[in-house]
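A short worksheet on the structure shown next.
Please treat every number below as a calculation from the coordinates, not as lab data. No experiment lies behind these values; they were computed from the predicted model shown. Positions of Cβ are generated from backbone atoms using ideal geometry, with glycine treated the same way; all protein chains shown enter the neighbour counts.
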Amino acid sequence: MNSILRWFGRGAALLLLAGALPVWAQSVDESLTPLPTDRVPSPPANWKPAASILVNPFKSDVKTKTGSGILVGTAGQPLTLLTNASDVRLVMDVLLSPGAEATLSFGSTGIRLADTWGKPDVNTATSGAIEGSTALLPLQNAGKAPGLWQQLEVQIQGGGKGPATLEKMTLNGTLIQESLVLPKTTGGTGGTVVLTVKTGTVAIRNIGYQLITDRPVAKLANIRYKLYENRTETTSPAELPNLRLVKEDTVSALTYEVAFGQPRWHGIVYTGDLVVDKTGPYTIALQQGGFASLQVDGKEIIANKRLDLGYMNTAKVNLTAGKHPFTLFFGRSWPRPGLGFFISAPDTKFQALHPRASLPEPDPVGEIAVEAGAKPAVIRSFVNFGAKKKTHCLSVGSPSGLNYTVDLNQGALLQVWRGQFADVTDMWYERGEPQLLKPLGTVAVLSAQNPLALMANSSQYWPDSLSDNDFKYKGLSMDKQGYPITHFQLRDLDITDAVLPDGDGKSITRTLTVKGPDNETLYCRLAVGSTLEEVAKGLYAIDGKYFVRLDSKLKPTVRTSFGRQELLMPVGVKGGSATVQYSLLW
């Protein structure tokens with residue numbers, strides 16, 4: 001196992017504004033203006049509308065259904081998506097056929113989109129590379145298999161007197177470019193966003209954009225504060241009436257500087273008016289070291305929460321033009337103190353409503369990343385799965401970059417991902433209280449349920465979880481390559497679960513071996529999702545996010561349960577054993 005410590009200054013890269021906000025902390029989902037595909041102006045003849053598209057990842061077999069919601073393009077004339085968009089954030093889903101290549105251009109800045117499935121090395125052909133005489137390569141190959149939908153997000157600043165800047169680019173949730181000053185040969189985006197297909201077929205959907213300006217949208221007025229002394233940390237506004245009032249005064253700006261020279265342990269209440277220039281939706285954010293909460297117009301907007309410097313607590317609120325009384329609580333706690341108050345409109349960046357000295361830069365924290373060496377890396381940890389924290393997880397990183405996580409409590413394959421293995425900072429930095437492992441590559445989220453279940457018939461509901469009476473984890477063994485094989489018991493059946501990356505670098509194969517008395521009531525659920533589509537015999541697309549492949553001679557059934565589709569197959573235990581094998585491709 002190879003531990004790699006990557007140090008990055010989370011507080012070093014800051015926006016040039018008062019009380020600067022760390023760029024990495026800008027992942028607030030600000031309002032996007034949708035661009036329906038049927039409203040894209042004057043698409044050329046090589047771009048056709050469709051209701052759905054199905055693509056075989058192994059050959060150029062593209063099937064579409066008549067309708068709208070998707071635009072499907074082939075080589076030819078470019079498709080213009082936006083004009084007058086020099087400073088813009090663009091989000092859309094992209095699907096590529098095998099071997100497809102395209103360029104997404106922001107003026108003269110070209111971003112490459114290409115099928116490089118199974119090619120982990122990063123080069124000028126990798127999706128996310130900035131085209132030009134001086135190519136800027138992405139941090140990793142975050143692309144998915146052809147035939148799957150991939151979410152691309154690009155935020156670029158091309159206006160103003162300075163050089164064009166690529167502020168952020170993510171592909172499938174993975175950061176691949178950040179804070180790049182674009183070379184003059186490619187800079188100057190010109191405000192027009194076009195997509196040009198060079199080879200193959202490219203489809204797009206779910207287009208949204210945000211035109212960004214630097215205009216101020218609000219100010220604070222009539223600011224007062226009261227500072228109270230405490231014997232220890234102040235965790236909520238409810239404590240303040242029982243504390244000694246040390247100082248109160250008016251101030252020209254909302255700042256934590258009022259606490260300088262005061263007792264170490266304290267709580268502060270700021271009051272005043274938030275004055276916005278236009279009626280509309282706003283995003284409000286607090287960034288603090290300690291506890292903080294915010295009320296506007298007497299209503300709680302941001303709930304009380306303790307944060308370390310560098311993290312944000314955000315909320316959306318509709319405000320009318322004019323004054324809105326606010327109350328902001330700050331409680332000194334154990335983290336390094338500081339306080340920042342931000343606001344943005346749908347078409348602006350965050351505006352700081354505090355002076356720079358109120359919010360110091362956070363201490364840089366190193367990312368502790370683990371990569372597999374010559375043998376697999378195997379780590380026990382907690383893993384977030386949706387809103388739940390799974391506490392008995394085993395994550396495996398392979399030398400080929402095909403990785404996965406198993407929930408040992410349920411025998412469930414939770415997720416697979418391609419690329420870099422794991423961020424274990426929350427496990428190994430200081431006390432490591434969260435104990436969370438985070439994937440560093442392109443993730444396909446699977447299911448939290450065991451793939452096997454004993455059911456009276458194929459119409460019975462799939463169990464959401466298995467009790468200790470039905471399921472018992474029996475331990476691990478290691479194969480010759482160093483991959484773990486999990487062992488569990490499902491009632492009177494002994495199961496081994498082997499999850500191994502294939503040699504082609506494109507898929508993971510799962511083999512479930514069952515031993516026990518003959519049984520006709522055992523079923524295997526190969527996949528579950530909103531939509532399951534058969535691409536070819538033995539090949540199924542799950543929500544357009546990953547493929548399941550099995551022996552084409554097998555005949556699984558697709559059924560609907562609780563509004564979701566399941567790929568189900570009976571497992572007949574005969575002669576004391578049975579085997580189920582299938583592969584996951586993404």
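What the table shows:
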{"quantity": "Relative exposure of Cys524, Cys393, judged by other C-beta atoms within 10 Å (fewest first)", "calculated": "Cys524, Cys393"}
{"quantity": "Cα Rg, Dmax, the range 441-563, angstrom units", "calculated": "15.5, 42"}
{"quantity": "Placed amide H near Ile212: partners under 5 Å, 5+ positions off or other chain", "calculated": "Asp87, Val88, Arg89"}
{"quantity": "Coil-residue trypsin sites (Lys or Arg not before Pro) of the range 372-422, DSSP, other Cβ within 10 Å capped at 16", "calculated": "none"}
{"quantity": "CD proxy at 222 nm, helix term only [per DSSP H run n ≥ 4: -39500 (n - 2.57); per residue of the chain; nearest 500]", "calculated": "0 deg cm²/dmol"}
{"quantity": "Residues in the range 401-417 that a label on Ser465 would reach, taking backbone N under 18 Å of a point 7 Å out along Cα→Cβ", "calculated": "406-415"}
{"quantity": "Hits among aspartates and glutamates - C-alpha to C-alpha of Lys389 under 18 Å, sequence gap 8 or more where chains match", "calculated": "Asp407, Asp423, Asp426, Glu433, Asp464"}
{"quantity": "Computed FRET value (nearest 0.05) for Asn46 with Asp363, which takes r as the C-beta separation and R₀ as 51 Å", "calculated": "0.45"}
{"quantity": "Which listed pairs, of Lys168/Lys438; Lys65/Lys545; Lys388/Lys574; Lys390/Lys574, have C-alpha distances above 29 Å, in listed order", "calculated": "Lys388/Lys574; Lys390/Lys574"}
{"quantity": "Cα→Cβ-extended label distance, 7 Å offset, between Arg431 and Ala387, nm", "calculated": "2.7 nm"}
{"quantity": "Contour minus Cα-Cα distance for Ala75 and Ala135 (0.36 nm per residue)", "calculated": "19.3 nm"}
{"quantity": "Count of lysine pairs in the range 218-358 with Cα separation under 18 Å (8 or more residues apart, or interchain)", "calculated": "12"}
{"quantity": "The range 501-569: GluC sites (Glu not before Pro) in DSSP loop, at most 13 other beta carbons within 10 Å", "calculated": "Glu520"}
{"quantity": "The range 514-555 and the range 314-391: distance between their alpha carbon centers, rounded to Å", "calculated": "40 Å"}
{"quantity": "FRET efficiency estimate (nearest 0.05) - Cβ-Cβ, Leu476 to Ala238, R0 51 angstrom", "calculated": "0.55"}
{"quantity": "Answer label, with semi-axes √(5λ) of the Cα gyration tensor in Å calculated from the coordinates and candidates (1) 33, 28, 23; (2) 63, 25, 22; (3) 45, 33, 22", "calculated": "(3)"}
{"quantity": "Packing-based order for 344-353, 293-302, using average beta carbon neighbours within 10 Å, highest first", "calculated": "344-353, 293-302"}
{"quantity": "Cα shape, the range 31-211, gyration tensor, a/c 1.5 rule", "calculated": "oblate"}
